[in-house]
Ligand code: SAM
Ligand code: SF4
């Protein structure tokens with residue numbers, strides 16, 4: 001697909017034409033990753049963070065957040081629950097928390113690998129190469145790190161440097177790939193300052209990074225953040241600012257499926273937050289093939305508030321599993337079995 005075609009799809013509002021896009025994405029999904037929807041158990045292991053990303057409720061200087069870090073026994077109890085639920089993967093996510101020590105995490109990964117058949121996905125922010133290499137060596141399979149936007153000026157604005165060091169998520173993704181991780185990345189849609197040209201470049205970047213997983217979701221304003229307070233000051237010029245809408249999110253998911261047909265693409269919680277009734281299903285019908293039911297213990301759920309009114313905060317892990325399975329069946333799809341590795345990787349092994 002050419003850049004002009006991507007831009008044209010992003011800008012069109014013609015419902016009949018969009019129906020063509022949804023159908024093309026659904027067909028590409030069916031041919032490349034089939035009817036299975038894989039369930040990845042999401043475990044939010046810590047909400048401590050040393051960064052001050054302008055959009056995120058977990059940023060270090062949001063003092064309204066009560067902070068937590070799970071211990072190894074709590075984590076292992078949830079991991080065993082993932083096995084009992086039949087999930088093939090556990091995704092451990094956190095703020096960029098240096099209290100999660102490299103050696104401690106490597107020990108935890110080894111333990112999961114010894115005690116369960118689960119694939120292990122990490123989403124722990126930017127870490128030094130030594131830690132990443134140790135985690136890969138311990139058996140971690142995949143790493144998720146969204147690059148958020150390919151516009152370097154916008155990126156630098158919303159990711160303030162840390163101790164004078166520029167944040168460099170794309171650099172880290174390249175290292176992760178070299179270490180042999182399956183890599184997942186993506187963007188928020190409708191970040192104040194994001195233009196249509198930027199978003200088209202983001203989609204081209206999915207292709208050039210050769211991503212195994214692509215996670216996209218709408219930007220949702222959090223009032224206790226820099227963008228929450230000053231969003232208007234940063235909007236792109238009239239007609240150029242990408243809206244943070246549900247419709248735009250489906251367009252980007254569908255285009256991601258068409259430019260990276262073999263990627264694993266989740267239908268995200270941010271989408272479900274925008275449309276509690278049908279957001280997950282529509283995401284799965286417009287390119288998605290993954291959902292991430294939450295395994296985080298009830299007492300920590302509400303503390304992982306990256307944006308307000310996040311969906312799936314009150315349900316137990318068991319309820320999340322049943323809800324997701326019901327939604328998958330309601331659209332005639334099947335719950336995936338096994339690890340659900342990226343098809344291009346699974347063939348290479
Ligand atoms: N700290 C790790 C990181 O940044 O990669 C993992 C946790 S972070 C909360 C996961 C993702 O949440 C971010 O990559 C970002 O895309 C998303 N996120 C954060 N704030 C958000 C917001 N206000 N609206 C939508 N998504 C948001
Ligand atoms: Fe921290 Fe990740 Fe939120 Fe940035 S996006 S503040 S690194 S949790």
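So which of 116, 153 is closer than 20 Å to residue 188 by Cβ and either away from ligand 1 (no atom under 16 Å from the Cβ) or modelled with pLDDT under 95 (or both)? Write out each step before concluding.
On the way: 116 fails: closer than 20 Å to residue 188 by Cβ.
Within the list 116, 153, the selection yields 153.
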>> Of all residues being more than 14 Å from ligand 1 (Cβ to nearest atom) and part of a strand (DSSP E or B) in the stretch 67-104, which is nearest to residue 298 (Cα to Cα)? Just the residue, please.
In response: 90
>> Quick test for you: out of 82, 77, pick the one residue that is farther than 30 Å from residue 242 by Cβ and buried (at least 22 other Cβ atoms within 10 Å of the Cβ).
In response: 82
> Filter the stretch 56-71 for residues that are within 20 Å of the chain's Cα centre (by Cα) and closer than 18 Å to residue 230 by Cβ; which is farthest from ligand 2 (Cβ to nearest atom)?
Replying inline: 57
> Checking residue 327 against (1) free of Cβ contacts under 8 Å to residues at least 40 places away in the same chain; (2) more than 19 Å from the chain's Cα centre (by Cα); (3) within 23 Å of residue 88 (Cα to Cα), which single condition isn't satisfied?
Replying inline: (1)
> Within the stretch 29-66, how many residues turn out to be more than 12 Å from ligand 1 (Cβ to nearest atom), under 30 Å from residue 253 (Cα atoms) and surrounded by fewer than 19 Cβ atoms within 10 Å (Cβ to Cβ)?
Replying inline: 6
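State yes or no: is residue 246 surrounded by fewer than 21 Cβ atoms within 10 Å (Cβ to Cβ) and under 18 Å from the mean Cα position of the chain (by Cα)?
On the way: surrounded by fewer than 21 Cβ atoms within 10 Å (Cβ to Cβ): yes; under 18 Å from the mean Cα position of the chain (by Cα): yes.
Yes, satisfied.
Okay, residues lined up against (1) assigned to a helix (DSSP H, G or I); (2) modelled with pLDDT under 95; (3) under 14 Å from residue 191 (Cα atoms):
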{"site": "227", "(1), (2), (3)": "yes, no, yes"}
{"site": "238", "(1), (2), (3)": "no, yes, no"}
{"site": "247", "(1), (2), (3)": "yes, no, no"}
{"site": "253", "(1), (2), (3)": "yes, no, no"}
{"site": "262", "(1), (2), (3)": "no, no, no"}
> Does residue 234 fit the bill of being farther than 19 Å from residue 306 by Cα and out of contact with any strand residue (DSSP E or B) (no Cβ under 7 Å at 6 or more places or on another chain)?
Replying inline: yes
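Would a scan of the stretch 173-191 turn up a residue that is more than 13 Å from ligand 1 (Cβ to nearest atom), outside any loop (DSSP other than H, G, I, E, B) and crowded, with 21+ Cβ neighbours inside 10 Å? Spell out how you get there, then give the answer.
If we filter the stretch 173-191 for residues that are more than 13 Å from ligand 1 (Cβ to nearest atom), which is where we start, we get 174-175, 177-182.
With outside any loop (DSSP other than H, G, I, E, B) added as a condition, the list becomes 174-175, 177-178, 182.
Okay, now just the ones that are also crowded, with 21+ Cβ neighbours inside 10 Å, so 182.
Yes, because at least one residue in the stretch 173-191 is more than 13 Å from ligand 1 (Cβ to nearest atom), outside any loop (DSSP other than H, G, I, E, B) and crowded, with 21+ Cβ neighbours inside 10 Å.
The values are calculated or read from the model by the stated rules, or taken from the named source; none is laboratory data. What you see is a predicted model; the values in this text were computed from it and never measured. In this analysis, Cβ positions are derived from the backbone assuming ideal geometry, glycine residues included, and neighbour counts consider all displayed protein chains.
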